[in-house]
Structures are given as C-alpha cells and as structure tokens.
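**Student:** Take this structure, written in structure tokens, and hold onto it; I'll ask about it next.
Values in this text are rule-based calculations from the coordinates and carry no lab data. Note that the coordinates shown come from a computational prediction; the quantities given were computed from them, not determined experimentally. Positions of Cβ are backbone-derived with ideal geometry, glycine not excepted, and every protein chain shown enters the neighbour counts.
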Amino acid sequence: MKIIDSHTGGEPTRTIISGIDLPKGTIATHEFLAKEADWIRTTLINEPRGFSAMVGACLCEPDDPTCVTGVVFFNNCSYLHSCLHGTIGVVETLAHLGRIKPGEHRIETPIGIVTATLYEDHSVTAKNVPSYRSAENIEVTVPDWGVVTGDIAWGGNWFFLISDQGPAVRAQNIEALTQFTCAVCDALEAQNITGSDGGEIDHIESFATPEEGLDADSQNFVLCPGKEYDRSPCGTGTSAKLACLAASGKLAEGEIWRQASIIGTIFEGSFLSLPEPGQFIPIVTGRAFVTGETTIILNPDDPFQHGIPTIHGT
Ligand code: PYC
C-alpha cells in the first residue's frame with residue numbers, strides 16, 4: 001500500500017493512493033472499509049505509524065464519472081461523513097502525483113460532491129455540500145461547567161457551535177478546551193440532543209475573537225470525534241459557522257469570513273444562498289503541503305502490523 005502525507009493548516013491527511021482492492025463508489029467503499037477492512041484505518045492512523053490527530057483519506061473509483069476521484073475519510077476512532085481540510089490535502093496530493101492540473105475538479109464523498117478548484121499557487125477552494133443551521137441557542141447542562149448554549153449546524157458533519165463560553169480560545173488552553181468540549185459532547189449525547197436528522201453531534205466548536213496579530217474574524221477550537229482537536233480551522237466546521245452566520249444575517253452572500261484555528265492557521269470562507277430557505281453552499285479556501293511519500297510494510301510477525309489497538313471514551 002502506498003500513501004502520501006500532507007497537512008492543511010497544520011492538520012494532517014494521510015492519503016492512500018494505491019495497493020488495495022476496493023469496490024466502485026464512495027458509499028460501497030465506506031461500507032467495505034467499515035465492515036470488512038477496518039484494519040486499513042488502524043494500520044495508518046494508530047501508533048506506531050500514525051498518531052491520534054491523523055486523518056486518513058482512501059481514494060476510490062467514483063460512481064459519478066464526472067468526478068476525478070472518490071474519497072472516504074477516517075480518523076482515530078471511525079469514519080467521517082466528510083472532511084474539507086482532507087479534501088484540500090487530497091487535491092494537493094493529486095497535483096503532486098501529476099493526476100490533476102489547476103482548474104475545477106469534482107470529488108465524490110459519501111455525503112455528496114465537493115467541487116474543488118486548484119490554483120497555480122496551490123491554494124484550493126472547496127465548494128461544499130449544502131449546509132444549514134438546524135437549531136439556535138440550545139442549552140445543554142454540562143457537569144462541572146454548568147449550562148452551555150450553542151447552535152447546531154450541518155457543514156458536512158454535525159457541529160455544536162459555542163461562543164465565548166468555557167476556557168478562552170487560546171493555544172495555551174488546549175488541554176482545558178479539550179476537557180470542556182469533551183464534556184459538552186458527552187452531555188449532548190446523554191441529553192439526546194442530535195442533528196435534525198437524528199445524527200450524532202460529534203464535533204464541538206468553541207469560538208472567540210482572534211488573538212492579537214491574527215488577521216481573522218474569529219478563532220476556533222474544534223474537537224473531533226476520537227477526542228482530538230483540529231489543528232486547522234476545520235473546513236466542515238467553518239462551513240457550519242458560515243451557515244450560522246448566513247442564517248442570522250451576520251454575513252452577506254459573497255462576503256469573506258477569515259476563520260483562524262487554535263494554532264493560528266486560516267481558512268477563508270464565504271457562502272452562496274440556495275433557493276431552499278436556510279440552505280447555503282459554503283466555500284472554503286486553504287492550502288495543503290505534501291510532507292512525505294511512503295510504502296507501508298505489513299509484516300505478519302509484527303504484533304502491531306495493524307497498529308496498537310486504542311480504546312476510546314475511557
Ligand atoms: O476540515 O472538515 C474538516 C475536518 C473534519 C475533521 C477534521 N477536519
């Protein structure tokens with residue numbers, strides 16, 4: 001199996017480019033990986049090859065022939081509906097391999113098609129799937145933290161978006177922010193608060209004004225499923241934020257929103273309105289860098305050939 005590593009705003013993407021037999025289409029590939037070949041995820045993400053913040057991207061033949069590739073994303077605990085920092089990483093990886101040139105490319109994911117534009121300077125703009133805010137000012141009682149209020153939005157994953165509550169959104173508070181957002185995530189589950197389709201809210205975003213010196217409108221800390229935080233501003237999280245800003249009239253169509261991450265990296269966002277009320281297409285721009293090319297060696301004598309098993313939620 002051959003992989004290419006990249007990072008987008010500091011968040012890693014490990015893309016499988018060859019060496020495994022997969023069914024056609026992202027839905028079938030997702031099903032195959034989750035049910036029959038989860039060892040691929042643990043091999044690439046778990047130690048000793050990976051680490052818990054690593055996100056994997058498995059390329060596959062798309063069902064839709066207008067797409068340049070299909071992709072299924074996964075992380076340290078499971079499979080992601082979508083991932084935009086990962087999509088930007090995949091586009092840069094395909095460019096590195098010479099499989100695509102600057103221009104527009106359609107990418108099939110299990111939740112729909114993302115249209116990515118690769119520019120000469122290697123920046124990438126991803127036009128996301130339709131996104132929306134499903135609920136506003138939801139109160140959740142969080143043990144040790146009290147009542148926390150947030151919005152629920154879909155940006156390709158389900159997010160709970162919190163502003164100016166809990167620890168200050170600053171890099172020196174990453175441990176406290178992780179504890180706070182994990183407690184919020186557990187409380188949402190315990191109180192049966194879900195996305196409007198009943199989907200689990202497995203990403204928690206905490207926002208504040210950006211630290212001095214950052215040219216951004218907002219800074220975030222994003223907890224991902226698997227209890228790791230996103231080093232990038234999180235593309236689907238930025239999409240959820242854009243949907244909330246659009247729904248509340250705080251950002252006009254086409255206006256730019258600069259979202260900083262907890263480590264100070266930036267995605268630029270805007271949105272297009274859809275005819276359906278409350279539905280928007282988020283547009284997110286970022287840049288990825290390829291950091292390595294690797295052949296994975298699986299040795300049956302190695303007790304950790306498929307990674308050291310991890311136990312989550314303990
Ligand atoms: O950029 O959408 C994103 C993302 C999701 C999880 C980690 N990154």
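**Student:** Aspartates and glutamates near K35 by alpha-carbon distance under 12 Å, same-chain residues fewer than 8 away left out - which ones?
**Tutor:** none
**Student:** Tell me the GluC sites (Glu not before Pro) within the range 246-293 that lie in a loop according to DSSP and have at most 15 other beta-carbon atoms within 10 Å. Don't skip to the end; give the middle numbers.
**Tutor:** Numbers: sites: E253, E255, E268, E293; in loops: E253, E255.
The qualifying sites are E253, E255.
**Student:** May I ask you to evaluate 6.51 cos²θ - 1.76 cosθ + 1.60, the Karplus curve with θ = phi - 60°, for each residue of the range 186-198 and list the ³J(HN,Hα) values in order in whole Hz, giving x for glycine and proline?
**Tutor:** Once rounded to whole Hz, the list reads 5, 5, 4, 5, 4, 9, 6, 9, 10, x, 5, 9, x.
**Student:** How much space per residue, in cubic angstrom, does the convex hull of the C-alpha atoms of the range 66-185 take up? Provide the component values of the computation, followed by the final result.
**Tutor:** Working: hull volume 16.9 nm³, N = 120.
Enclosed volume per residue, from the Cα hull, is 141 Å³.
**Student:** Let me ask you something else. Give me a comma-separated list of calculated 3J(HN,Hα) values for the range 110-118, in order, Karplus coefficients 6.51, -1.76, 1.60 applied at θ = phi - 60°, integers in Hz, x for any Gly or Pro.
**Tutor:** x, 10, x, 9, 9, 9, 10, 10, 9
**Student:** Give me the one-decimal nm value for the distance between modelled label points at K250 and L274, 7 Å along each residue's Cα-to-Cβ direction.
**Tutor:** In this crude spin-label approximation the distance works out to 2.2 nm.
**Student:** Continuing with this model, one more query. If one computes P(r) from the Cα atoms of the range 45-109, what percent of pairs lie at distances over 19 Å? Intermediate results must be reported in sequence, preceding the final value.
**Tutor:** Details: 710 of 2080 pairs.
In whole percent, the share of Cα-Cα pairs in the range 45-109 beyond 19 Å is 34.
**Student:** Which loop trypsin sites (Lys or Arg not before Pro) in the range 69-175, with loop taken from DSSP, have no more than 16 other Cβ atoms within 10 angstrom of their Cβ?
**Tutor:** Details: sites: R99, R106, K127, R133, R170; in loops: R99, R170.
Those that pass, being in a loop and sparsely packed, are R99, R170.
**Student:** Quick one: what are the phi-derived ³J(HN,Hα) couplings along the range 236-247, Karplus 6.51/-1.76/1.60 with θ = phi - 60°, whole Hz, x for glycine and proline?
**Tutor:** 6, x, 5, 4, 4, 5, 4, 5, 5, 4, 5, 4
**Student:** So between E31 and Q305, what do we pick up on full extension, going 0.36 nm a residue minus the alpha carbon distance? Mind showing how you got there, number by number?
**Tutor:** Numbers: separation 274, 0.36 × 274 = 98.64 nm, distance 2.26 nm.
Full-extension gain reported as 96.4 nm.
**Student:** Still on this model: On a C-alpha basis, how far is the centre of the range 38-76 from the centre of the range 142-187 in Å? Whole number, if you could?
**Tutor:** 27 Å
**Student:** Taking every eigenvalue of the Cα gyration tensor of the range 1-47, multiplying by 5 and rooting it, what semi-axes result, largest first, whole Å?
**Tutor:** On the way: eigenvalues 83, 30, 24 Å².
Working from the Cα gyration tensor, I get semi-axes of 20, 12, 11 Å.
**Student:** Kindly identify the range 140-296 as rounded, prolate or oblate by the Cα gyration tensor criterion: order the square roots of the eigenvalues as a ≥ b ≥ c, call it rounded if a/c is under 1.5, otherwise compare a/b with b/c, prolate if a/b is larger, else oblate. Let's see the in-between values first.
**Tutor:** Working: a/c = 1.34, a/b = 1.07, b/c = 1.25.
Since a/c stays below 1.5, the shape of the range 140-296 is classed as rounded.
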